[in-house]
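The values are calculated or read from the model by the stated rules, or taken from the named source; none is laboratory data. Note that the structure is predicted; figures quoted are calculated from it, not measured. Virtual Cβ from ideal backbone geometry, glycine too; neighbours counted across all protein chains shown. Side chains are part of the model used for accessible areas, which takes the heavy atoms of the whole protein and leaves out ligands, DNA and RNA. Shrake-Rupley method; radii C 1.70, N 1.55, O 1.52, S 1.80 Å.
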Amino acid sequence: MGLGISLQGGYDSTNAWSRNIGSNVTVIANSNSIITVTSPVGSTSTTVIDGFTIQNNLVSGLIRQGIYNSGSSPTISNNTITGGAGFGNNYGIYNLSGSSPAISNNTITGGSGTNNGTIGCYGIYNSSSSPVISNNTITGGSGNSSINYGIYNDVSSPTMLNNTITGGSGGGTTNYGIINVSTSSSSVISNNT
């Protein structure tokens, strides 16, 4: 993906390229790398990821990520995003290094763990980032992950508005909808369930 590029799924090439993301499912899947979609460093709201089913199908390895943002602030909307399934850490969206993406109207799941232990599933993981997260359905994960977090904030200041957020289900010993792990993390939280 490049700076200022807008990727839009849901088009029907047989019907004058009409767009309906519910009927014309466009899948971006990856089974060869830990990251499915990477937003370039320095991207702004003009870099758009809209209308896709994004999933990481990597079987081996200890990390799986649906969307990875480092120092980037794209617009992420109208997608179904899954981090992955398997042993290790699974992330729907991973934001770090000053990323401030606008994340709206998505269904986001960290993934599904396969082994109790030091692994986790995260719907959205924020490290030193300030995303605006609105009108999403976010789930940490399921299966035998030891930890499931809907939104995990470490030294981050996200704005979270009108979302449905759950930690997860399954064999997890820790399931939280939202967690701030650093005293410098501050969040604006309004009208979430």
Are there any pairs, at least 6 apart or on different chains, whose C-beta atoms fall under 9 Å, with the first in region 40-56 and touching a residue at least 40 places away in the same chain (Cβ under 8 Å) and the second of a type in the set (Lys, Arg) and open to solvent by less than 60 Å² (accessible area, probe 1.4 Å), and if so, which? Asn56/Arg64
Meets criteria (aliphatic (A, V, I, L, M), open to solvent by 20 Å² or more (accessible area, probe 1.4 Å) and in contact (Cβ under 8 Å) with a residue 24 or more places away in the chain) for Val37: no
Scan region 170-179 and give yes if some residue there is closer than 21 Å to Gly98 by Cβ, open to solvent by 20 Å² or more (accessible area, probe 1.4 Å) and modelled with pLDDT under 95, otherwise no. yes
Given Asn56, Asn15, Asn89, Asn24, which one is open to solvent by less than 30 Å² (accessible area, probe 1.4 Å) and polar (S, T, N, Q)? Asn56
